[in-house]
Every structure is written in structure tokens, then in C-alpha cells.
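Data block below; observations after.
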């Protein structure tokens, strides 16, 4: 049963199960990973050397861990904001595949093209992929803001590649911002979204 509120803003949010369930699961797993970081991190965090030795699950599980509470709150806030903006496009299947694709391509991009990054944690790379998906879905549904969002996120990624990340953010999360993760997460989101939209177009065409 979809929750309803007397506040118009909340009534417009995508609270249906298909829109919110996977987002909730990601939040739950991230909070769990944070609370039990000492017990779990050594076995699940992205570590280049250990992936080289065959611990391939780390390319996915490492994204649920965070350097500190501020890092966790920033990432989960971004996840919720993207849900508020584009959650009506989510389904159990497309959002799961989007998350997994963005996470794995983000990690593989770091592994092959940024081997100097020995360890990486956080959802920020995946969030860029989710952002791309929402922007492309806006464009698909003829919402002009999608173009601004799509161009804007790539400009952000390009700016980081040329000028680096904000020192203030690095200080907040107590770690160097892995700007390459943002790049590869966005690439992952773009590849998934392109394939998804082609698939949706083919379904429509053959109906």
C-alpha cells in the first residue's frame, strides 16, 4: 500500500514499491557496512591488489563502505535526492541493473586505468551513473531539463579531470576524492541507460 501524506510535496514523491525498494536496500546495506566497518571492511572493500588475487566480489561490495559518517550522509543524501528527482523512472529490475552496472564499470575503470588507487569506498561513482540515467530518461520523455542535467554532469566530470576535486570535500570525507570513480560511474550509467532505452524502443516497436 502506497503511503499518503497531507503535505502536497510528499504526495508527489514516488513511494510505490517498485520505485523505492532498491533505494531502501542500498541505504540499509550502506548503514550496515558503516556500523560494522571494522568487522566487514577487510573482506569487502575495493582493494586493487586483492582483486588481482581473485577476490572479484569487491568490485561491487566496496561501494557500500564509507570513510566516515559525513561521507555516508553525503552519499545517502545524494541517493535520496536522485530518487526524489527521478524515482518515478525506477523499477526493481532497471534500478538493480543500473546500480550493478555502474558499480562494476566504476570499479573496473579504476582497476584498469587507475591502478595507483589501491583502495576505494563510497557510492559517489555509482551516483554519477544514476544521475546519467535520470537525465537520459528525462530526455526520452521530452523533458528539456534532462538536457541540462546530462550536459551538466559531464561538465562536472570534465572539470574534475582537469582541475581536480574540491579540497573542502576531501577534508569533509577525510580522504582524497576519487574523481576517476565519478568518470567511470558516469560511463557505466551511460552504457546501461543507452542499452535500456534501445531495449525499450524495440519493445515499443514490436508491440
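Coordinate-derived values only; no laboratory data. All figures in this text were calculated on a predicted structure; none of them were measured in a lab. Reconstructed Cβ throughout: ideal geometry from the backbone, glycine too, with neighbour counts over all protein chains shown.
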With runs of 4+ DSSP H residues as the only contributors, calculate the mean residue ellipticity of the chain at 222 nm using -39,500 (n - 2.57) per run, divided by the residue total and rounded to the nearest 500. -23500 deg cm²/dmol
Angle check, please: helix 179-206 long axis (alpha carbons) against the longest principal axis of the chain (alpha carbons), in degrees 0 to 90, nearest 10. 30
Using Cα pairs under 8 angstrom and six or more residues apart, how large is the relative contact order of the chain, in percent? 24
With a Förster radius of 25 Å, plug the Cβ-Cβ distance of residue 200 and residue 18 into 1/(1 + (r/R0)^6) and report the FRET value to the nearest 0.05. 0.95
Taking Cα atoms only, helix 17-35 is inclined relative to the longest principal axis of the chain by an angle, in degrees rounded to 10, of 20
Cα gyration tensor of segment 45-167, axes a ≥ b ≥ c as square roots of the eigenvalues: rounded (a/c below 1.5), prolate (a/b > b/c) or oblate? prolate
Burial-style ranking of 144-157, 114-127, average other-beta-carbon count within 10 Å with highest first, yields 114-127, 144-157
Rounded to 10°, Cα long-axis angle of helix 69-86 versus longest principal axis of the chain: 20
Need the full-extension length gain, residue 108 to residue 50, defined as separation in residues times 0.36 nm minus the C-alpha distance. One decimal, nm. 19.5 nm
Please list 162-170, 181-189 highest first by mean number of surrounding beta-carbon atoms within 10 Å per residue. 181-189, 162-170
Heads up, the chain by the C-alpha gyration tensor (a ≥ b ≥ c square roots of eigenvalues; a/c under 1.5 rounded, else a/b over b/c prolate, else oblate) looks prolate
For the pair residue 35/residue 169, report the inter-label distance in nm, with labels modelled 7 Å from Cα in the Cβ direction. 2.9
Between residue 162 and residue 42, Cβ-based FRET efficiency (R0 30 Å, step 0.05) works out to 0.30
Length added when fully stretched, residue 155-residue 70, from 0.36 nm per residue minus Cα-Cα: 28.1 nm
